[in-house]
Every structure is written in C-alpha cells, then in structure tokens.
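Asks: First the structure, which I've put down as structure tokens, then a few questions once you've had a look.
The values are calculated or read from the model by the stated rules, or taken from the named source; none is laboratory data. What you see is a predicted model, and the numbers here were worked out from it, not measured in a lab. Here the Cβ is made from the backbone with ideal geometry for all residues, glycine too, and neighbour counts use every protein chain on show. When the accessible area is computed, the model is the full protein with side chains, heavy atoms only, and any ligands, DNA or RNA have been set aside. Shrake-Rupley method; radii C 1.70, N 1.55, O 1.52, S 1.80 Å.
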Amino acid sequence: MERRLRKWGYSDISDDATLVATELVTNAMKATPGEAIRFLCRWEDGGVYVAVWDSSPERPAPTYASELTLDDLDLSEAGFDANGGRGLHIVDALALEWGYRPDPVDPRTGRSPGKWVWARVVADARSPEDGSARGSAIG
C-alpha cells in the first residue's frame with residue numbers, strides 16, 4: 001500500500017492511511033475469523049478512500065471507556081498488555097470521515113450478506129514531493 005500511495009503522490013499521508021487500513025482489516029478479521037474479507041484502496045482528489053468488506057452484518061461500533069481513576073487501573077501484567085477496543089477511535093482520529101454500508105438483505109435468507117467499512121484519509125492541498133497542487137481524480 002505504501003508503494004501505491006507514493007506512486008499517487010500521497011507519501012505525506014502514507015502512515016495514517018496504512019494505519020487506518022490496518023485497523024479496518026483487523027476489525028474485519030475479528031468480526032469474521034477464518035472467513036474471506038475484501039480490501040479496496042482508491043485514489044481520490046485530495047486523499048485516499050479505504051474500504052474493507054466482511055460477511056458480518058453487525059454494525060461497527062467503537063468501544064467507549066468510562067473515565068478511569070487510579071483505583072480502576074489494572075496494573076497486572078495481563079492488564080498492562082491488554083490491547084484492543086481502540087481501532088475505530090484511531091480511524092476516527094486519522095480519517096476525515098468514516099462509516100459503514102450494510103449490503104442489501106438477501107430476500108431468500110432475510111440476512112445481510114455483510115458490510116463495507118470505509119474511511120477517507122485526506123492530504124494537504126499541496127504535495128510535499130513537488131510542491132504542486134494536486135490534480136483531479138482519475139475515474
């Protein structure tokens with residue numbers, strides 16, 4: 001992905017876009033372990049559109065932590081290394097916008113066959129590589 005972003009002239013947002021993509025892919029893998037997922041990365045005027053499809057119809061939702069006090073801290077080794085639940089907060093912080101689109105319901109089963117979770121990561125108006133203004137999107 002980094003090479004593609006560089007080719008498109010978006011090296012300046014490569015780290016952010018890669019982290020957003022990683023978080024979306026990780027969430028899809030957690031939602032549907034062992035099942036296929038799809039990844040899309042598209043150049044847009046002013047940024048990059050990243051989307052990941054998984055077969056879970058569940059709406060993605062960030063986990064909200066309540067305000068912690070020192071009494072609430074888990075300083076055990078397991079608690080210290082706990083990880084997870086911050087992915088969509090990271091996406092929200094780095095992307096201009098993000099959301100999801102459920103696939104239409106299958107009339108035979110009454111279930112949604114999955115969803116796309118997407119994000120837009122935007123760049124500055126000028127490219128750091130050459131200082132020129134960015135061009136318009138290619139269809």
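Asks: Anything in the stretch 100-115 that is over 15 Å from Ala28 (Cα atoms) and hydroxyl-bearing (Ser, Thr, Tyr)? List them, or say none. Break it down into steps so the answer makes sense when it comes.
Replies: The initial filter retains those residues of the stretch 100-115 that are over 15 Å from Ala28 (Cα atoms), namely 104-112.
Thr109, Ser112 - these are the residues of the stretch 100-115 that are over 15 Å from Ala28 (Cα atoms) and hydroxyl-bearing (Ser, Thr, Tyr).
Asks: Let me spell it out: the conditions are (1) of a type in the set (A, V, I, L, M, F, W, C); (2) at pLDDT below 90; (3) closer than 27 Å to Lys7 by Cβ, and Ala82 meets all of them except one. Which number is the exception?
Replies: The failed condition is (3).
Asks: Looking for something modelled with pLDDT of 75 or more, out of contact with any Cys (no Cβ under 8 Å at 6 or more places or on another chain) and under 23 Å from Gly47 (Cβ atoms) - is there at least one such residue anywhere in the stretch 61-75?
Replies: Yes, the stretch 61-75 contains a residue that is modelled with pLDDT of 75 or more, out of contact with any Cys (no Cβ under 8 Å at 6 or more places or on another chain) and under 23 Å from Gly47 (Cβ atoms).
Asks: Out of everything in the stretch 12-49 that is in a helix (DSSP H, G or I), farther than 15 Å from Glu97 by Cα and of a type outside the set (A, V, I, L, M), what residue ends up being least open to solvent (accessible area, probe 1.4 Å)? Walk me through how you get there before you give the answer.
Replies: Going through the stretch 12-49, the residues in a helix (DSSP H, G or I) turn out to be 12-31.
From what's left, farther than 15 Å from Glu97 by Cα: 12, 14-15, 18, 22, 25-31.
So of that shortlist, the ones also of a type outside the set (A, V, I, L, M) come out as 12, 14-15, 18, 22, 26-27, 30.
Details: Asp12: 59, Ser14: 9, Asp15: 123, Thr18: 50, Thr22: 70, Thr26: 50, Asn27: 52, Lys30: 131 Å².
Among those that are in a helix (DSSP H, G or I), farther than 15 Å from Glu97 by Cα and of a type outside the set (A, V, I, L, M), it is Ser14.
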